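Single-structure report; data block below.
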Amino acid sequence: MARVVIIGGGPAGLMAAEAAASAGAHVEVYDAMPSVGRKFLLAGKGGLNLTHSEPIEAFLSRYGQQRAFIEPAIRSFPPSALRDWAREMGVNTFVGTSGRIFPTDLKAAPLLRAWLRRLRQAGVQFHVRHRWRGWDEEGRVQFTTPQELVRAHADAVVLALGGGSWPHLGSDAAWTHILTEHKVLIAPLKPANCGFDVRWSEHFRTKFAGQPVKTVEVTAKTVDGIVICQRGEFVVTETGVEGGVIYTVSSHVRDAIATEGTAALWLDLAPDRSLQQLTKDLSRPRGKRTMATHLTRCAGVAGVKAGLLREVVSKDVLADSARLASAIKSISLTLTAPRPLAEAISTAGGVSCEALDNRLMLRARSGVFCAGEMLDWEAPTGGYLLTGCLATGHLAGTAAAAWAHAHPAQPT
């Protein structure tokens, strides 16, 4: 029987294992951690966002410059197929108000348990605490365990080793050194869906760090000068900003910082009010009310929003209704750096599309396929990340099984 080795037990690796086993291969999964699916479980802690319900063209547009690279994989395993796949394991899904798709119980653990049970029933074998160390002189994949060096023959290999974010869960990007030695082109790894540093005053940091800023509209510019607007929420941190709406523009902000040294982010603190209405409301006589009370009653700006306003604008602006209204509609934050890769939700960069053929096989090493976050693509949160990982895993696993059947007993 054709033998396929999967290295990496995250969503991409597990889907590659399922696809390869379904194609008639004997499959073994190796992972460096004590158990598989660790990042999958943590990502689903607040509600597992499987995919998104928007039309496929809009869905594919979320992958930006790398759309052409990842599109074949997603079209072969689209969001509708993902929902069917979950349903086959007894996990029903629903579409939330934002269009995001979740399991009905919102949990990752039941889905992972059902998935692993199905994989084992299909004959997939698992080896944990096996850290990949490349290939030996005979082309066998080799691993270190707490006890020994282990070598394994495979007719085809799927690498699904993750990116560099959340390394404590296993994605430590150590694979970059191995593949670089084998002449595989790798784009530098960068944080994606990440937070950013802001030089807060000590007063603001002390008073507001950890607080959510709800219902704002964020505006950013790409390095090409294109204006991007998104509505949502974010969180003030000790070092800057992070969360939902920040992640949606993070790739543009990160690239602008890399080009210019800093990046501007404009916040509309009252997105449901026009500038004209806001100016009129703020022009009402203040009387003996404090500025804080006036902002709350006339602009709906209170708490951390009022803190942001005072952090950025001068007292002269606060005293002028028209200028104050303009400031509320567009206060500017200067972002100085993305947070480190280890803190990011996901990773940009990785194995370059030029290093792979249309089956996701390495051009530099026949019979070795790559999938998931270790590939050079990125997408916002909202189900796009997980769909991309599962779809590339499905494509790589199917292709690996086909290769293994056609090229038995070939060193990899």
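None of the figures in this text is laboratory data; all of them are computed from the coordinates on show. The shown structure was predicted, so the numbers you read here are calculated from the model rather than taken from an experiment. Ideal geometry is used to build each Cβ from the backbone, glycine not excepted, and the neighbour counts take in all protein chains shown.
Computed quantities for the displayed model
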{"item": "Residue-averaged [θ]222 nm for the chain, counting only DSSP H segments that reach four residues, each worth -39500 (n - 2.57)", "result": "-10500 deg cm²/dmol"}
{"item": "Within the range 172-210, backbone nitrogen closer than 14 Å to the virtual label 7 Å beyond the Cα of residue 352 toward Cβ", "result": "180-189"}
{"item": "Extension gain, residue 276 back to residue 359 (0.36 nm per residue minus Cα-Cα distance, nm)", "result": "24.3 nm"}
{"item": "Residue 58 versus residue 228: modelled label distance in nm, points set 7 Å from Cα along the beta carbon direction", "result": "1.8 nm"}
{"item": "Candidates per GluC sites (Glu not before Pro) in the range 1-82, loop by DSSP, up to 13 other Cβ within 10 Å", "result": "none"}
{"item": "Part-to-part distance (alpha-carbon centres) for the range 138-153 and the range 51-72, which is given in Å", "result": "38 Å"}
{"item": "Extended-chain gain in nm, criterion 0.36 nm per residue less alpha-carbon gap, residue 336 and residue 105", "result": "79.2 nm"}
{"item": "Per-residue Cβ neighbour rank within 10 angstrom, fewest leading, 288, 107", "result": "288, 107"}
{"item": "Overall form of the chain per C-alpha gyration tensor (a/c, 1.5; a/b vs b/c)", "result": "prolate"}
{"item": "Among 287, 244, 303 - extreme Cα towards positive end, dipole of the range 196-338, charges at beta-carbon", "result": "287"}
{"item": "Likely footprinting exposure, 398, 219, fewest C-beta neighbours within 10 Å first", "result": "219, 398"}
{"item": "Beta bridges by DSSP in the chain, antiparallel share as percent, to the nearest 5", "result": "70 percent"}
{"item": "Modelled FRET efficiency - R0 30 Å, residue 65 with residue 407, Cβ distances, 0.05 increments", "result": "0.35"}
{"item": "Förster-model FRET efficiency, 56 Å R0, residue 35 and residue 323, C-beta, rounded to 0.05", "result": "0.45"}
{"item": "Taking 329, 39 and counting other C-beta atoms within 10 Å, the order from fewest to most", "result": "329, 39"}
{"item": "Backbone HN-Hα couplings from phi across the range 329-336 [Karplus 6.51/-1.76/1.60, Hz, Gly and Pro as x]", "result": "7, 6, 7, 10, 10, 9, 9, 9"}
{"item": "Sequence ranges 8-14, 275-281, ranked by mean other-Cβ count within 10 angstrom, highest first", "result": "8-14, 275-281"}
{"item": "Nearest-20 debye value, the chain charge dipole, Cβ charges on Lys, Arg, Asp, Glu", "result": "1440 debye"}
{"item": "Selected from 148, 88, 343 as most flexible by GNM, with the chain as the system and alpha-carbon contacts under 10 Å", "result": "148"}
{"item": "For the range 239-258 and the range 79-96, distance of Cα centres in Å", "result": "31 Å"}
